[in-house]
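No value in this document is a laboratory result; all are computed from the given coordinates. The structure presented is a predicted model; accordingly, all values stated were derived computationally and were not measured. Virtual Cβ from ideal backbone geometry, glycine too; neighbours counted across all protein chains shown.
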Amino acid sequence: MFQLEKLHCTIDDYEYFDGISYTFSGGTLHTVSGHSGSGKSLFFSILAGVKSPNSGDIFFKEKSIFNSSFRTLQDLRKKFGIVFQLPALISNLSLRDNLKLTLRSEAEVLAIARDFQLEPYLNLRPSAISQGQLYRFALCRALLPNPEILLWDEPMINIDEFFHPLVDQKIAQLKARGSTIIFFTNRKTIVEKYGENRLILQARKLDRYEF
Amino acid sequence: MKSLFGPKLTFKDYFADILFDLINIRENKNVSQSVLINQIFFTGYEAFNVMAIISLLLCAAIILQGHAVLVELGQKNLIYTILASTAVRDIGPLIISFFILARSGIAISTELGNMKVNKEIDALKALGISPISYIVTPRIIGMVLSMAVLAIYFSIIGVFGGYIVSNVFNPLPFSEFFDNFIKALSMWDLAFMILKTCISGFAIAVICSFHGMGVQRSITEVPQRNITAVAHSIFAILIIHTLAIIVHYTIIR
């Protein structure tokens, strides 16, 4: 469903990935770990389609992420939900408009904002709310399109524990729909709790992660 | 639309993407009207007061100096040619370009640089929204439109400034002053004024947005990129204005 094919990536003469090929199955939660400097953030950016590798490709529903026309790519990306390490909300838009960038209806925006207790802040700009709330908005933006691929860099860390059961419930719903979920984390507790398929980036390859 | 996805942002690819986006603007649903309106408001409307003061003072000062020299030479009527050159043809568009670079060009470069560091650009790409269509193209259009309006505004205020000073030495009704001024102008002068400011606005917006988008990870890159954006924009403005002067004075006149 979500297939990596011979990904090579070199930055400033340092080779990060040496031909990584892997298929992420649907309906499963995968964790990707890796020591500092192993290229975890770069790998996340490439999977999110915001950076291109030197060679190789990623296929989603048999369509190339890096060799399709921009229009096709735009359509494919609408099936992705991505939570960055930073909240990455657009600073000159209201939080409501940030959520509406996903092209979802007002009712859907209100529903998810209500679930995460964010409804009173919808008309504010990102600079007016706390970091914890920003991360919840970022998660809402990723969950709104009911993504077929959910990529989350450093999951759960910036979300209040009070909301963890709700997040677990949303993730379970996505898995039941057959979505592919990939968490990028170094935290063993997260890997143990969520990782059904545990992977690690080491020696420029993607391997199974055995504790 | 590949320039923002590759390992390194190159000006050639970035410029090609912007041209492609501008050519296909009618079909593009991503162009943000709110960004366009904000840019026109910031670059055009909010600059009106400062621009009026600059224009008034500059034209008044040049007429004051010009008058002293021209009277001695017995060429008083050339004051209108000097005013046309200051307010409309040469100095006005140049001053507007530098002023807008210092005010709005740097703002674009800084804002986009900060958005890049905060991963807002990546978030747009991840949402299937082209950052060039959504945040760059509206800024370029806003800049070009604002500068065209500011050029006309600068000329009008400059003529008033010139009239006020000139009236002290040589009292004339405004209609007569204006008639003499119009005689010193040609349609080419007006066309070149608009063309020069629009091309300069385009160049400033493209160069400053390119440097903003070129920021990679660190907030410390933003001021460094700003400095480069200013240097490259000044260079581009001078080339544009020099070429326009060469074309105007050697081919058209």
Going by how many other Cβ atoms sit within 10 Å of their own, how do B:D189, A:D207 line up, fewest first? A:D207, B:D189
List every residue whose amide H lies under 5 Å from the amide H of A:T10, counting only residues 5 or more places away in sequence or on a different chain, with H placed 1.01 Å from N in the peptide plane. A:Y16, A:N54
If each residue's Cβ is checked for other Cβ atoms within 10 Å, how do B:T137, B:T250, B:T228 rank with the fewest at the top? B:T250, B:T228, B:T137
Mind putting a number on the dipole of the protein assembly as shown about its Cα centre? Charges go on the C-beta only, +1 for Lys and Arg and -1 for Asp and Glu, and I need it in Debye to the nearest 20. 540
How would you rank A:C140, B:C208, going from fewest to most other Cβ atoms within 10 Å of each one's own Cβ? A:C140, B:C208
If you plug each phi of region A:53-58 into the Karplus form 6.51 cos²θ - 1.76 cosθ + 1.60 with θ = phi - 60°, what whole-Hz ³J(HN,Hα) values come out, in order, with x for Gly and Pro? x, 5, 8, x, 8, 10
Near B:L238, within a Cβ-to-Cβ distance under 15 Å, what is the net charge of the other residues, with Lys and Arg +1 and Asp and Glu -1? 0
Counting Lys and Arg as +1 and Asp and Glu as -1 over every other residue whose Cβ sits under 14 Å from the Cβ of B:V222, the net charge comes to 0
Taking 8 Å as the Cα distance limit and 6 or more residues as the minimum spacing, I'd like the relative contact order of chain B as a percentage. 31
With the dipole of chain B defined by +1 on each Lys or Arg Cβ and -1 on each Asp or Glu Cβ, the option from B:S104, B:L57, B:F174 whose Cα lies farthest towards the positive pole is B:S104
Counting pairs of alpha carbon atoms under 8 Å apart in space and at least six apart in sequence, what relative contact order in percent does chain A give? 32
Given the DSSP H assignment, sum -39500 (n - 2.57) over each helix run of at least 4 residues in chain A and divide by its residue total; what's the result at 222 nm in deg cm²/dmol, nearest 500? -9000 deg cm²/dmol
Of B:K76, B:K119, B:K12, which is the most mobile in a GNM of chain B whose springs link Cα atoms less than 10 angstrom apart? B:K12
222 nm [θ] for chain B, helices only, -39500 (n - 2.57) per DSSP H run of 4+, per residue, to 500? -23500 deg cm²/dmol
Lysines with Cα under 21 Å of A:K188, excluding same-chain neighbours fewer than 8 positions away: A:K40, A:K205
Any idea what the dipole of region A:74-211 comes to, in debye rounded to 20, about its Cα centre with Lys/Arg Cβ at +1 and Asp/Glu Cβ at -1? 320
Explain nothing, just the number: relative contact order of region A:1-93, from Cα pairs under 8 Å at least 6 residues apart, as a whole percent. 29
Could you give each residue of region B:126-141 its phi-based ³J(HN,Hα) in whole Hz, using Karplus coefficients 6.51, -1.76, 1.60 with θ = phi - 60°, and x for Gly or Pro? 5, 7, x, 10, 6, x, 5, 5, 7, 10, 8, 4, x, 5, 5, 4
DSSP-assigned coil residues among GluC sites (Glu not before Pro) in region A:116-197, each with at most 15 further Cβ atoms within 10 Å: A:E196
So which lysines can A:K100 reach, going by Cα to Cα under 20 Å and dropping same-chain residues fewer than 8 places off? A:K78, A:K79, A:K170, B:K29, B:K119, B:K125
